[in-house]
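Novice: Below is a structure I'd like to ask you about.
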Ligand code: PHE
């Protein structure tokens, strides 16, 4: 049997000298590859006598194992060195700005609508919706404003050209109050809901846009009175503005669909050029601001919506969502709400993860 020692020593030396993984692999092929010298040596076993083979086989296998171990060890060493070199050459500059975060934010109006739903859900209200393209019966007639009623003129209505002579006139709803009618017709009484959504009036300046948002509130049950309305609004505003010193003033007013009707004012003070809700409106440095209309649902409205006014009473309110959003989050131009300027949105918008919850505070995050 030929002595493999010189070949083995030469191979081990070459393995030790291999400067790269490629060079190392060449050595592996030269020794252990199909035509490598170790493999060829193993093939000679077949031509040996059993006695010779008994001596030669373990010797060749030992050489093979020694070479394989040397290759494995060298491979691990080369890989470790490569990683070291990579770590040494790559640097991380911690003074660089953080990578861009996902873009997009929740509009304050959407955020406030979520806050409304959260607060009123806690008071047992559900959320209702209705169409923005409404017919004249739901928007006016059923709300006790028949065709000749002067209150219709106050609404600056966008009408659609008549579709068919016998169809009701279609319009863009001027308030969320038609949802009162639709909900009562569908569900009957008792009922407890809010209906946030878009409304439209032909009006435009710094505090009016042709499209804006309202939230309607409606409670119909037995023995409902104005005290329930005031408590509900007070409780809502305390939760919404997250302060206890909210003072409401109910001012006698007129809406065809409520009797009696009251306008809701809240006490506020000026801090810098920002209005801050809180305190009594007649106190030093304070004033009152109107937030919306409300009142006891007119019995004619209950009748038209199919609810028996001798059995049930109700209160309703309508608040401007944009206005309470401006008050809470300190914007002063309503038109900017609907410009779609990404700079405005990134400043006033909310992260998608800022879900309003009563336990975490319905608006503390921003
Ligand atoms: N719909 C009235 C408006 O838009 C507000 C309102 C709602 C008043 C409900 C009373 C009751 O001005």
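Novice: If I ask for residues that are exposed (fewer than 15 other Cβ atoms within 10 Å of the Cβ) and assigned to a strand (DSSP E or B), which ones from the stretch 229-277 would you list?
Specialist: 251, 252, 254, 260, 270, 271, 274
Novice: Next question. Are any of the residues in the stretch 147-162 within 16 Å of the ligand (Cβ to nearest atom), buried (at least 18 other Cβ atoms within 10 Å of the Cβ), at pLDDT 95 or above and assigned by TED's automatic domain parsing to the domain that holds residue 302?
Specialist: No, every residue in the stretch 147-162 fails to be within 16 Å of the ligand (Cβ to nearest atom), buried (at least 18 other Cβ atoms within 10 Å of the Cβ), at pLDDT 95 or above and assigned by TED's automatic domain parsing to the domain that holds residue 302.
Novice: It is to be established whether one or more residues within the stretch 180-195 are assigned by TED's automatic domain parsing to the domain that holds residue 325, closer than 22 Å to residue 115 by Cα and outside any strand (DSSP E or B).
Specialist: Taking the stretch 180-195 first, the residues assigned by TED's automatic domain parsing to the domain that holds residue 325 are 180-195.
After this cut, where a residue has to be closer than 22 Å to residue 115 by Cα as well, the list is 180, 183, 191-195.
Still in the list and also outside any strand (DSSP E or B): 180, 183.
Yes - at least one qualifying residue is present in the stretch 180-195.
Novice: A follow-up question, please. Of all residues being outside any strand (DSSP E or B) and under 23 Å from residue 109 (Cα atoms) in the stretch 196-228, which is nearest to the ligand (Cβ to nearest atom)? Just the residue, please. Step through it out loud before you land on a result.
Specialist: Filtering the stretch 196-228 down to residues outside any strand (DSSP E or B) leaves 201-204, 206-207, 209-210, 222-228.
If we keep only those that are under 23 Å from residue 109 (Cα atoms) as well, we get 201-204, 206-207, 209-210.
Values: 201: 9, 202: 14, 203: 12, 204: 17, 206: 19, 207: 15, 209: 15, 210: 15 Å.
Filtering first and then ranking leaves 201.
Novice: Starting from residues that are in contact (Cβ under 8 Å) with a residue 12 or more places away in the chain and assigned to a helix (DSSP H, G or I), keep the ones in the stretch 329-346 and report whichever is farthest from the ligand (Cβ to nearest atom). Walk me through it before giving the result.
Specialist: Taking the stretch 329-346 and keeping what is in contact (Cβ under 8 Å) with a residue 12 or more places away in the chain, we get 329-335, 337-338, 345-346.
Filter once more, keeping what is assigned to a helix (DSSP H, G or I): 329, 334-335, 337-338, 345-346.
On the way: 329: 22, 334: 16, 335: 20, 337: 18, 338: 19, 345: 27, 346: 32 Å.
Only one residue fits best here, namely 346.
Novice: Among the residues of the stretch 77-97, is there at least one that is in a helix (DSSP H, G or I), in contact (Cβ under 8 Å) with a residue 40 or more places away in the chain and either in the same structural domain as residue 322 (by TED's automatic domain parsing) or closer than 30 Å to residue 228 by Cα (or both)? Spell out the reasoning first.
Specialist: If we filter the stretch 77-97 for residues that are in a helix (DSSP H, G or I), which is where we start, we get 77-89.
Checking which are in contact (Cβ under 8 Å) with a residue 40 or more places away in the chain leaves us with 78-79, 82.
Add one more test, that the residue is either in the same structural domain as residue 322 (by TED's automatic domain parsing) or closer than 30 Å to residue 228 by Cα (or both), and what stays is none.
Checked against the condition, which is being in a helix (DSSP H, G or I), in contact (Cβ under 8 Å) with a residue 40 or more places away in the chain and either in the same structural domain as residue 322 (by TED's automatic domain parsing) or closer than 30 Å to residue 228 by Cα (or both), the stretch 77-97 yields no hits at all.
Novice: Test residue 326 against the stated conditions and say whether it is assigned to a loop (DSSP other than H, G, I, E, B), crowded, with 16+ Cβ neighbours inside 10 Å and away from the ligand (no atom under 16 Å from the Cβ). First the steps, then the outcome.
Specialist: Numbers: assigned to a loop (DSSP other than H, G, I, E, B): no; crowded, with 16+ Cβ neighbours inside 10 Å: yes; away from the ligand (no atom under 16 Å from the Cβ): yes.
The answer is no for residue 326.
Novice: Next question. Have a look at 271, 284, 290, 259 and point out the one that is within 14 Å of the ligand (Cβ to nearest atom) and over 22 Å from residue 223 (Cα atoms). Walk me through how you get there before you give the answer.
Specialist: On the way: 271 fails: within 14 Å of the ligand (Cβ to nearest atom); 284 fails: within 14 Å of the ligand (Cβ to nearest atom); 259 fails: over 22 Å from residue 223 (Cα atoms).
Selected residue: 290, the only one of 271, 284, 290, 259 that is within 14 Å of the ligand (Cβ to nearest atom) and over 22 Å from residue 223 (Cα atoms).
The values are calculated or read from the model by the stated rules, or taken from the named source; none is laboratory data. It should be emphasised that the depicted structure is a prediction, and the values quoted were computed from it without experimental measurement. A quick note on method: Cβ atoms are made from the backbone with ideal geometry, for glycine too, and the neighbour counts reach across all protein chains shown.
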